[in-house]
1. Taking R0 as 30 Å, what FRET efficiency do you get between Val62 and Glu26 from their Cβ-Cβ distance, rounded to the nearest 0.05?
2. With the other protein chains left in place, how much accessible area per residue, in square angstrom, belongs to the range 38-91 at a 1.4 angstrom probe?
3. Report the gain in length on full extension from Arg77 to Glu44: 0.36 nm times residue separation, minus Cα-Cα distance, nm rounded to one decimal.
4. Of Lys39/Lys73; Lys28/Lys51; Lys17/Lys51; Lys17/Lys41, which ones are farther than 18 Å apart at the Cα?
5. Return the long-range amide H neighbours of Gly84 (sequence gap of 5 or more, or a different chain), with a cut-off of under 5 Å between placed amide H atoms.
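The values are calculated or read from the model by the stated rules, or taken from the named source; none is laboratory data. This is a predicted model, so every value here is computed, not measured. So basically every Cβ, Gly included, is an ideal-geometry build from the backbone, and we count neighbours across all protein chains shown. Just the protein is used for accessible areas: all its heavy atoms, side chains included, with ligands, DNA and RNA removed. Shrake-Rupley method; radii C 1.70, N 1.55, O 1.52, S 1.80 Å.
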Amino acid sequence: MDIGAAESLQYDFSTVKAATNNFSEENKLGRGGFGTVYKGKLGEGDHIAVKRLALDSGQGDVEFKNEVLLMAKLQHRNLVRLLGYSIERSERLLIYEFMPNASLDKFIFGMFFKTIHPFEYHMLHCICRIRVLDILF
Ligand SMILES: Nc1ncnc2c1ncn2[C@@H]1O[C@H](COP(=O)(O)OP(=O)(O)OP(=O)(O)O)[C@@H](O)[C@H]1O
(Lines give C-alpha, C1' and ligand atoms only; values in the text may rest on other atoms or scores of the structure.)
Protein backbone atom coordinates (compact mmCIF):
# COMPACT_ATOMS: atom_id res chain seq x y z
CA MET A 1 0.00 0.00 0.00
CA ASP A 2 1.10 3.54 -0.70
CA ILE A 3 1.06 4.83 2.90
CA GLY A 4 1.60 8.44 1.80
CA ALA A 5 -1.43 8.34 -0.49
CA ALA A 6 -3.59 6.79 2.21
CA GLU A 7 -2.51 9.34 4.80
CA SER A 8 -3.35 12.20 2.44
CA LEU A 9 -6.99 11.04 2.47
CA GLN A 10 -7.18 11.05 6.26
CA TYR A 11 -9.44 13.59 7.96
CA ASP A 12 -9.15 14.65 11.54
CA PHE A 13 -11.81 12.78 13.56
CA SER A 14 -12.84 15.77 15.67
CA THR A 15 -13.28 17.89 12.52
CA VAL A 16 -15.64 15.34 10.98
CA LYS A 17 -17.44 14.89 14.29
CA ALA A 18 -18.02 18.64 14.48
CA ALA A 19 -19.07 18.73 10.79
CA THR A 20 -21.90 16.26 11.55
CA ASN A 21 -22.94 18.15 14.68
CA ASN A 22 -21.60 15.32 16.83
CA PHE A 23 -23.36 12.64 14.74
CA SER A 24 -26.69 14.11 15.73
CA GLU A 25 -30.10 12.63 14.97
CA GLU A 26 -30.95 15.70 12.87
CA ASN A 27 -27.96 15.01 10.63
CA LYS A 28 -28.83 11.35 10.13
CA LEU A 29 -29.39 10.46 6.46
CA GLY A 30 -29.98 6.75 6.82
CA ARG A 31 -28.62 3.44 7.89
CA GLY A 32 -27.10 0.65 5.82
CA GLY A 33 -25.59 -2.73 6.44
CA PHE A 34 -22.28 -1.28 7.65
CA GLY A 35 -23.34 1.65 9.76
CA THR A 36 -25.16 4.95 9.92
CA VAL A 37 -24.73 7.79 7.44
CA TYR A 38 -24.77 11.46 8.52
CA LYS A 39 -24.89 14.68 6.59
CA GLY A 40 -22.10 17.11 7.36
CA LYS A 41 -20.52 20.34 6.26
CA LEU A 42 -16.81 21.01 6.44
CA GLY A 43 -16.34 24.69 7.23
CA GLU A 44 -17.56 26.81 4.34
CA GLY A 45 -17.09 23.90 1.97
CA ASP A 46 -19.47 21.46 0.33
CA HIS A 47 -21.76 19.08 2.13
CA ILE A 48 -20.46 15.60 2.82
CA ALA A 49 -21.98 12.26 3.74
CA VAL A 50 -20.20 10.51 6.58
CA LYS A 51 -20.60 6.78 7.03
CA ARG A 52 -19.87 5.83 10.62
CA LEU A 53 -18.98 2.16 10.45
CA ALA A 54 -20.37 -0.19 13.06
CA LEU A 55 -17.74 -0.80 15.72
CA ASP A 56 -17.61 -4.56 15.30
CA SER A 57 -16.27 -4.68 11.72
CA GLY A 58 -13.17 -6.53 12.96
CA GLN A 59 -11.07 -5.06 10.14
CA GLY A 60 -7.52 -3.94 10.89
CA ASP A 61 -6.23 -0.42 10.17
CA VAL A 62 -4.05 -1.52 7.27
CA GLU A 63 -6.86 -3.42 5.54
CA PHE A 64 -9.22 -0.53 6.10
CA LYS A 65 -6.79 2.03 4.63
CA ASN A 66 -6.11 -0.30 1.69
CA GLU A 67 -9.79 -0.48 0.88
CA VAL A 68 -10.19 3.27 1.21
CA LEU A 69 -7.32 3.87 -1.18
CA LEU A 70 -8.81 1.47 -3.69
CA MET A 71 -12.26 3.05 -3.46
CA ALA A 72 -10.87 6.57 -3.68
CA LYS A 73 -9.14 5.66 -6.92
CA LEU A 74 -12.44 4.65 -8.52
CA GLN A 75 -13.58 7.79 -10.22
CA HIS A 76 -16.38 8.15 -12.69
CA ARG A 77 -19.03 10.80 -13.16
CA ASN A 78 -21.70 8.27 -12.19
CA LEU A 79 -19.95 7.02 -9.07
CA VAL A 80 -20.17 8.85 -5.81
CA ARG A 81 -16.71 9.97 -4.82
CA LEU A 82 -15.09 8.77 -1.66
CA LEU A 83 -13.28 11.83 -0.35
CA GLY A 84 -11.44 10.24 2.51
CA TYR A 85 -11.62 8.50 5.86
CA SER A 86 -11.05 9.05 9.52
CA ILE A 87 -9.89 6.70 12.26
CA GLU A 88 -9.84 7.22 16.00
CA ARG A 89 -9.39 4.23 18.26
CA SER A 90 -12.12 1.78 17.17
CA GLU A 91 -14.04 4.44 15.24
CA ARG A 92 -13.90 4.41 11.44
CA LEU A 93 -15.54 6.98 9.22
CA LEU A 94 -15.84 7.05 5.45
CA ILE A 95 -16.36 10.49 3.93
CA TYR A 96 -18.24 10.75 0.64
CA GLU A 97 -19.48 13.58 -1.48
CA PHE A 98 -23.07 14.35 -0.53
CA MET A 99 -25.78 13.26 -2.97
CA PRO A 100 -28.99 15.26 -2.57
CA ASN A 101 -31.11 12.44 -4.02
CA ALA A 102 -29.37 9.47 -2.46
CA SER A 103 -32.55 7.68 -1.47
CA LEU A 104 -33.55 7.42 -5.12
CA ASP A 105 -30.46 5.51 -6.06
CA LYS A 106 -31.53 2.50 -4.06
CA PHE A 107 -34.85 2.40 -5.86
CA ILE A 108 -33.29 2.63 -9.30
CA PHE A 109 -30.44 0.28 -8.49
CA GLY A 110 -32.98 -2.19 -7.11
CA MET A 111 -35.03 -2.11 -10.29
CA PHE A 112 -32.02 -3.22 -12.33
CA PHE A 113 -30.37 -5.66 -9.97
CA LYS A 114 -33.08 -7.10 -7.73
CA THR A 115 -32.77 -10.59 -9.19
CA ILE A 116 -29.18 -11.16 -8.06
CA HIS A 117 -27.98 -12.65 -4.78
CA PRO A 118 -28.20 -10.26 -1.76
CA PHE A 119 -24.43 -10.32 -1.15
CA GLU A 120 -23.59 -9.56 -4.76
CA TYR A 121 -26.28 -6.89 -4.70
CA HIS A 122 -24.63 -5.31 -1.67
CA MET A 123 -21.13 -5.36 -3.19
CA LEU A 124 -22.34 -3.91 -6.49
CA HIS A 125 -24.33 -1.26 -4.70
CA CYS A 126 -21.33 -0.26 -2.60
CA ILE A 127 -19.16 0.12 -5.67
CA CYS A 128 -21.72 1.65 -7.99
CA ARG A 129 -23.73 4.07 -5.85
CA ILE A 130 -25.37 5.90 -8.68
CA ARG A 131 -25.49 9.63 -9.05
CA VAL A 132 -29.18 9.61 -9.82
CA LEU A 133 -29.44 13.23 -10.81
CA ASP A 134 -26.67 12.85 -13.38
CA ILE A 135 -28.38 9.89 -14.97
CA LEU A 136 -31.91 11.23 -14.95
CA PHE A 137 -31.19 14.76 -16.10
N1 LIG B 1 -23.23 10.01 -0.41
C2 LIG B 1 -24.44 10.08 0.13
N3 LIG B 1 -25.16 11.24 0.06
C4 LIG B 1 -26.37 11.33 0.62
N5 LIG B 1 -26.98 10.33 1.30
C6 LIG B 1 -26.33 9.17 1.41
C7 LIG B 1 -25.03 8.97 0.85
N8 LIG B 1 -24.62 7.72 1.13
C9 LIG B 1 -25.62 7.15 1.81
N10 LIG B 1 -26.65 8.00 1.99
C11 LIG B 1 -27.92 7.74 2.70
O12 LIG B 1 -27.68 6.84 3.76
C13 LIG B 1 -28.43 5.63 3.57
C14 LIG B 1 -27.59 4.47 4.02
O15 LIG B 1 -26.54 4.32 3.09
P16 LIG B 1 -25.56 3.08 3.11
O17 LIG B 1 -24.62 3.21 1.98
O18 LIG B 1 -24.97 2.93 4.47
O19 LIG B 1 -26.46 1.82 2.97
P20 LIG B 1 -27.41 1.35 1.84
O21 LIG B 1 -26.93 1.82 0.53
O22 LIG B 1 -28.79 1.76 2.23
O23 LIG B 1 -27.28 -0.22 2.00
P24 LIG B 1 -25.94 -1.09 1.99
O25 LIG B 1 -25.29 -0.97 3.32
O26 LIG B 1 -26.45 -2.45 1.72
O27 LIG B 1 -25.07 -0.56 0.87
C28 LIG B 1 -28.80 5.62 2.09
O29 LIG B 1 -29.97 4.89 1.85
C30 LIG B 1 -28.95 7.09 1.77
O31 LIG B 1 -30.24 7.54 2.13
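1. 0.30
2. In whole numbers, the range 38-91 has 61 Å² accessible per residue.
3. 9.5 nm
4. Over 18 Å Cα-Cα: Lys39/Lys73.
5. Under 5 Å from the amide H of Gly84: Ile95.
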